[in-house]
Amino acid sequence: MQEVSIRLRFIRECLGSAKRRKGRDQTVFRMPRDHRGRVMFLPSWWGSLMDYAAKVNNLGQSLVRKIDWDPIVDGAPRKDWRRIITPASEDAKKRTRYAVHEAFPPGAVIGVNAVLPDGMTVDDFQELLTIAGTYRGISPFRASEETYGTFEIVSVKKAVRQKQESTNEHVTTTAEPVKKG
C-alpha cells in the first residue's frame with residue numbers, strides 16, 4: 001500500500017450543491033463541509049469516478065474499489081461563482097438568469113490524499129485519474145446536460161507523515177513526485 005498526495009487543476013468549474021439561504025432573497029449552493037468547516041469530496045464520488053475510468057481502461061474494478069480516499073479537500077472555493085441558466089427554446093419568454101455557487105473556478109488547484117492498494121502502480125493510478133478528469137470530472141453539483149469539475153493532474157507525490165509533538169496529530173507532507181517507470 002502506498003499513500004499519495006494528488007494536486008489537481010480544474011479545467012471546468014467545480015460547483016457546490018448544498019442549498020443554503022443567504023439573507024432573505026438569495027440562495028447559495030455551497031460545498032459540503034465537515035464539522036470543522038473543511039470542504040469534503042466524498043470517497044463514494046471518487047469511487048464512482050474511478051470505476052468509470054477502470055471500465056474505459058479495461059482495468060479490473062475490484063482493485064480500483066480498494067483505493068482509500070481522504071474526504072478532506074485542500075483548497076478554498078470562491079464564494080460567488082455565477083452559473084448562467086438559459087431558458088429552453090420553448091420558454092422564449094423567460095429571461096436568462098443565474099444561480100450563485102461556491103466553486104473552484106477553472107485554474108484552481110486542489111489537493112486530495114489517497115492510499116493505493118497493493119497491486120496498483122502509481123502509473124496505473126495516474127492513467128485512471130487522467131481518464132476520469134478528462135471525461136467525467138468531480139463536482140458536488142451535477143446536471144444531466146452538463147459536466148462540471150473536469151480536471152488535469154498537476155502532480156502525484158508520495159505522502160510522508162510527520163508527527164507533531166505538541167498535539168500528537170499527524171501532518172501529511174509530500175516528498176518528490178513519484179517517478180514513472
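The values are calculated or read from the model by the stated rules, or taken from the named source; none is laboratory data. This is a predicted model, so every value here is computed, not measured. Please note: Cβ atoms are built from the backbone with ideal geometry, for glycine as well, and neighbour counts cover all protein chains shown.
What are the residues in segment 60-69 that are more than 14 Å from Met1 (Cβ to Cβ) and surrounded by 14 or more Cβ atoms within 10 Å (Cβ to Cβ), if any?
Gln61, Val64
Name every residue in segment 131-152 that is surrounded by fewer than 17 Cβ atoms within 10 Å (Cβ to Cβ) and in contact (Cβ under 8 Å) with a residue 40 or more places away in the chain, in order of residue number.
Tyr135, Arg142, Thr147, Glu152
Which strands (runs of 3 or more DSSP E) does segment 64-147 wholly contain that include 3 or more residues that are hydrophobic (A, V, I, L, M, F, W, C), over 12 Å from the mean Cα position of the chain (by Cα) and at pLDDT below 95?
Correct list: 78-85.
Could you list, in sequence order, all residues of segment 19-59 that are exposed (fewer than 14 other Cβ atoms within 10 Å of the Cβ), of a type outside the set (Val, Ile, Thr) and in a strand (DSSP E or B)?
Lys19, Arg20, Arg21, Lys22, Gln26
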